[in-house]
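Here the structure is laid out as structure tokens; the discussion comes afterwards.
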Amino acid sequence: MPLPVTEKGGYIGIFTEYDVVAQFFDSGGRLAVKSVDDLMKAPVKAIPASLSIFDANTIMLFEKVRRLLVVDQEKVVGIVTQTDLVHACFDYAERVRKALAESSFSISTADLVPLRRRTAIISEYTSEHLRAYTMK
């Protein structure tokens, strides 16, 4: 669960379990960090609560961040992570699939080719942007 880090009433970073796991693997299985300040991601980026999941994902990709504060009427109301966006995108795709299946609208495989190409580019960029850790 992501946690905002505050100092003197302002948000200075966001800390998640990913930060601990990444440092653990980067250090060869040792945690040499002594404080949250050493691990948190800063500066904090924020988005309005009304932003779409697709726009939030675009911001994450271009700003190279994995989490964003969500602000509504100048108050922080939550944190959205890349994992949250992946779940939301799958949910959205499933709703679109069901709506298409229930309608008379038809789409051909050829119509999906441009979408597949764009998806592959985003997936490759995301794979490069995110660091995957595996046990050797």
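Counting just the residues of the stretch 1-25 that are among the charged types (D, E, K, R) and within 21 Å of the chain's Cα centre (by Cα), which one comes out surrounded by the fewest Cβ atoms within 10 Å (Cβ to Cβ)?
Quick first cut of the stretch 1-25, residues among the charged types (D, E, K, R) only: 7-8, 17, 19.
Checking the rest, the ones that are also within 21 Å of the chain's Cα centre (by Cα) come to 17, 19.
Working: GLU17: 10, ASP19: 20.
The extreme case among them is GLU17.
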Condition broken by ASP84, with the remaining ones in (1) within 19 Å of PHE62 (Cβ to Cβ); (2) at pLDDT below 65 satisfied: (2)
Take the stretch 73-98 and flag every residue that is assigned to a helix (DSSP H, G or I) and closer than 16 Å to ASP19 by Cα. GLN82, THR83
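The values are calculated or read from the model by the stated rules, or taken from the named source; none is laboratory data. Note that the structure is predicted; figures quoted are calculated from it, not measured. Don't worry about glycine lacking a Cβ; one is built from the backbone with ideal geometry, like all the others, and counts go over all protein chains shown.
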